[in-house]
Amino acid sequence: MVNPVNERVKKRRDAMRAAGLRPIQIWVPDTRRKGFAEECRRQARIVAVADAADADLIGFLDAALQDIVSIDE
């Protein structure tokens, strides 16, 4: 006898494949791992320092913000 859950999963996967999609597996960082949060903070600090020193980026972001503000008005 086929398990109802297994049958639903099979139907869903068949429908997704029929729609032209395929399953993939991706590996992502384990957010529960010891040291994960500190590593995020470390990398964020590095990016923040680099961004603050990049005048072109600041100008680009200011222009983008003005575009967003003008859309909302």
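Within region 21-36, the only residue that satisfies the criterion of being surrounded by 10 or more Cβ atoms within 10 Å (Cβ to Cβ) and under 30 Å from LYS11 (Cβ atoms) is LEU21. Does ALA15 satisfy being surrounded by 10 or more Cβ atoms within 10 Å (Cβ to Cβ), at pLDDT below 90 and more than 22 Å from the chain's Cα centre (by Cα)? Criteria not met by ALA15. Listed conditions (1) at pLDDT 95 or above; (2) surrounded by 10 or more Cβ atoms within 10 Å (Cβ to Cβ) are all met by LEU61, apart from (1). Pairs are defined by a Cβ separation below 8 Å, a sequence spacing of at least 6 or placement on different chains, a first member in region 39-53 that is over 15 Å from PRO29 (Cα atoms), and a second member that is loosely packed, with under 10 Cβ neighbours inside 10 Å and not small (Gly, Ala, Ser); no pair meets this definition.
Residues that are at pLDDT below 90 and surrounded by 10 or more Cβ atoms within 10 Å (Cβ to Cβ) within region 37-53 comprise ASP51, ALA52, listed in sequence order. Scanning region 18-47 for residues that are among the small types (Gly, Ala, Ser) and over 19 Å from the mean Cα position of the chain (by Cα) yields a total of 4.
The values are calculated or read from the model by the stated rules, or taken from the named source; none is laboratory data. Just so it is clear, the structure is predicted and the values come from calculations on it, not from any experiment. Neighbour counts run over all protein chains shown; Cβ positions are idealised from the backbone, glycine included.
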